[in-house]
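One structure is given below, encoded as structure tokens.
The values are calculated or read from the model by the stated rules, or taken from the named source; none is laboratory data. The model shown is predicted, which means the values in this text are computed figures rather than measured ones. Ideal geometry is used to build each Cβ from the backbone, glycine not excepted, and the neighbour counts take in all protein chains shown.
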Amino acid sequence: MITQHAEMFSLMLRPCTSAILAHAVDASVPHVWIRRHQPNRYLQWWRAQVPLSSASAIHDVEVRSLEFDLHLPATRFLQLLPEFQDHGMAFFQMSRPVPDTLSLDRIPEDAIDRVLIQNGLHLAYYLPHALETAQFRSPRREVLEQLLQAPEIRALAYEEA
């Protein structure tokens, strides 16, 4: 079930939703970073209330392709988790706050894991979209072994080939 590639261990899951994170998030690891969240799953114009700059008021406008990163406490993420259920997700649980200047877009792909580990990565989860194959990754095998103790996760885990 658990495989290793370079510095990371991974666990593949059968199609699921981000609701599985209710059984994976460790509330003692304080920081959650959700990368490139898109509140609307469809490419269409929709009404939203958004600030137009970090110092502006919130405006009621039509938006398309709205995308942003979220950084929040693990406990708050768990409260908000139902709102993510129909979405894909790039999720990182970190032992330290994510630096303002950390952008994975500017890091070569073969260095991303190392940078995440240096910045306190505990657990990564990737789900391209709801009801798709998902993946947990961690620099520590025991984190994934602990996840497999949850029957909900174990039931979705692919067996080793």
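Please give the number of the condition residue 25 fails out of (1) aliphatic (A, V, I, L, M); (2) within 24 Å of residue 137 (Cβ to Cβ); (3) assigned to a strand (DSSP E or B).
(3)
Residue-by-condition table, conditions (1) among the basic types (Lys, Arg); (2) within 27 Å of residue 16 (Cβ to Cβ); (3) at pLDDT below 95; (4) surrounded by 12 or more Cβ atoms within 10 Å (Cβ to Cβ):
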position: 44; (1), (2), (3), (4): no, yes, no, no
position: 62; (1), (2), (3), (4): no, no, no, no
position: 68; (1), (2), (3), (4): no, yes, no, no
position: 100; (1), (2), (3), (4): no, no, no, no
position: 106; (1), (2), (3), (4): yes, no, yes, no
position: 135; (1), (2), (3), (4): no, yes, no, yes
position: 147; (1), (2), (3), (4): no, yes, no, yes
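Pairs, please: C-beta under 9 Å, at least 6 apart or cross-chain, first residue at positive phi and touching a residue at least 24 places away in the same chain (Cβ under 8 Å) and in the stretch 128-148, second in a strand (DSSP E or B) and surrounded by 14 or more Cβ atoms within 10 Å (Cβ to Cβ)?
131/16
Suppose we filter the stretch 110-153 for residues that are in contact with a His (Cβ under 7 Å, 6 or more places away or on another chain) and more than 18 Å from residue 26 (Cβ to Cβ); how many remain?
Within the stretch 110-153, residues that are in contact with a His (Cβ under 7 Å, 6 or more places away or on another chain) and more than 18 Å from residue 26 (Cβ to Cβ) number 1.
Go through 43, 66 for me and flag whichever is in contact with a Ser or Thr (Cβ under 8 Å, 6 or more places away or on another chain), farther than 30 Å from residue 145 by Cα, among the aliphatic types (A, V, I, L, M) and in a loop (DSSP other than H, G, I, E, B).
43
Inside the stretch 34-63, can you point out the residues that are among the aliphatic types (A, V, I, L, M) and more than 22 Å from residue 80 (Cα to Cα)?
If the condition is that a residue be among the aliphatic types (A, V, I, L, M) and more than 22 Å from residue 80 (Cα to Cα), then 43, 52, 55, 57, 61, 63 are the ones that fit.
Within the set of pairs 6 or more residues apart or between chains, which connect a residue that is touching a residue at least 40 places away in the same chain (Cβ under 8 Å) inside the stretch 96-111 to a residue that is surrounded by 10 or more Cβ atoms within 10 Å (Cβ to Cβ) and in a loop (DSSP other than H, G, I, E, B) with Cβ atoms less than 8 Å apart?
Hits for this filter: 96/119; 96/120; 98/119.
Among the residues of the stretch 136-161, which ones are part of a loop (DSSP other than H, G, I, E, B), under 19 Å from residue 115 (Cα atoms) and charged (D, E, K, R)?
140
With respect to residue 75, is the statement that it is loosely packed, with under 15 Cβ neighbours inside 10 Å, at pLDDT 95 or above, part of a strand (DSSP E or B) and under 15 Å from the mean Cα position of the chain (by Cα) true?
no
Please pick out the residue among 38, 85, 79 that is under 18 Å from residue 18 (Cα atoms) and in contact (Cβ under 8 Å) with a residue 60 or more places away in the chain. Break it down into steps so the answer makes sense when it comes.
On the way: 38 fails: in contact (Cβ under 8 Å) with a residue 60 or more places away in the chain; 79 fails: in contact (Cβ under 8 Å) with a residue 60 or more places away in the chain.
Just one listed residue meets the conditions, 85.
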